[in-house]
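**Q** Let me give you the structure first, and then I'll get to my questions.
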């Protein structure tokens with residue numbers, strides 16, 4: 001996945017979860033943040049950030065903030081739409097006969113439904129942007145929707161689907177994602193139940209650049 005254009009800036013502040021104030025070549029600009037998570041350990045005043053300028057009319061802001069360099073020097077993609085995009089690209093290379101994004105199953109929309117021969121697959125994708133000590137954690141804010149999706153995957157597994165919960169790790173140097181039980185204990189409980197029910201837990205490592213994100217490897221947890 002590659003962005004059409006990219007602009008470097010310096011992060012100043014985040015008045016609310018939707019916008020940020022940045023400085024571009026000495027000019028202050030209000031930009032859209034493409035991640036409603038907290039990102040408190042990333043969006044620190046003075047941090048290097050990268051922006052894109054989508055060619056959409058009627059926008060209140062010219063730029064979207066999509067990447068930030070943490071104070072450890074590691075580059076993070078924080079675009080919440082990026083995981084599904086790179087997952088779609090990755091699945092196209094996996095030999096499936098059919099791939100349907102945003103597939104309605106039960107009372108939810110699961111990110112991807114696939115078929116290979118007689119096999120049916122459901123995969124829910126989560127982007128990981130929270131890291132501590134070389135380990136990724138999810139979520140960085142409570143997500144009842146995420147718990148609901150896991151319950152649907154457990155149900156699908158019982159009905160004969162190949163079900164998977166896939167974490168797209170939006171930074172380098174991290175190969176494992178653990179449930180952030182301090183933030184949302186219920187998500188951790190649901191994730192453990194899914195693993196015991198036979199739902200695959202996948203960790204997808206990525207190569208991150210200011211203007212791109214690409215899945216490079218897969219491990220099963």
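**Q** Using a Gaussian network model of the chain whose springs link C-alpha atoms within less than 10 Å, name the residue from 143, 104, 72 with the highest mean-square fluctuation.
**A** Checking each option, the largest mean-square fluctuation is seen for 72.
**Q** Hey, another quick one. Determine one quarter of the surface area of the Cα convex hull of segment 7-77, which equals its mean projected area, and express it in nm² to one decimal.
**A** Spelled out: convex hull of the Cα atoms, projected over all directions, averaged, 4.5 nm².
**Q** Next up: Quick check on the chain: of the DSSP beta bridges with both residues there, what percent are antiparallel, nearest 5%?
**A** Antiparallel bridges make up about 70 percent of those DSSP assigns within the chain.
**Q** Please state the equivalent ellipsoid semi-axes for segment 47-117: what are the square roots of 5 times the Cα gyration tensor eigenvalues, largest first, in whole Å?
**A** Working: eigenvalues 190, 62, 28 Å².
Semi-axes (√(5λ), whole Å): 31, 18, 12.
**Q** When the helix-only estimate is applied to the chain (DSSP H runs of n ≥ 4, each -39,500 (n - 2.57), divided by the residue count), what is the mean residue ellipticity at 222 nm, nearest 500 deg cm²/dmol? Could you put the intermediate results ahead of the total?
**A** Working: 3 runs with 38 residues, N = 221.
Result for the chain, helices only: -5500 deg cm²/dmol.
**Q** Explain nothing, just the number: relative contact order of segment 1-75, from Cα pairs under 8 Å at least 6 residues apart, as a whole percent.
**A** Rounded, it is 30 percent for segment 1-75.
**Q** Please express the shape of segment 69-195 as an equivalent ellipsoid: the semi-axes are the square roots of 5 times the eigenvalues of the C-alpha gyration tensor, given largest first in whole angstrom.
**A** Its equivalent ellipsoid spans semi-axes of 26, 18, 11 Å.
**Q** Evaluate the relative contact order of the chain (contact order divided by residue number), counting alpha-carbon pairs under 8 angstrom at least 6 apart; express in whole percent.
**A** 17 percent
Bear in mind that the values in this text are calculations on the coordinates, not laboratory data. Quick caveat: nothing in here was measured; it's all calculated off a predicted structure.
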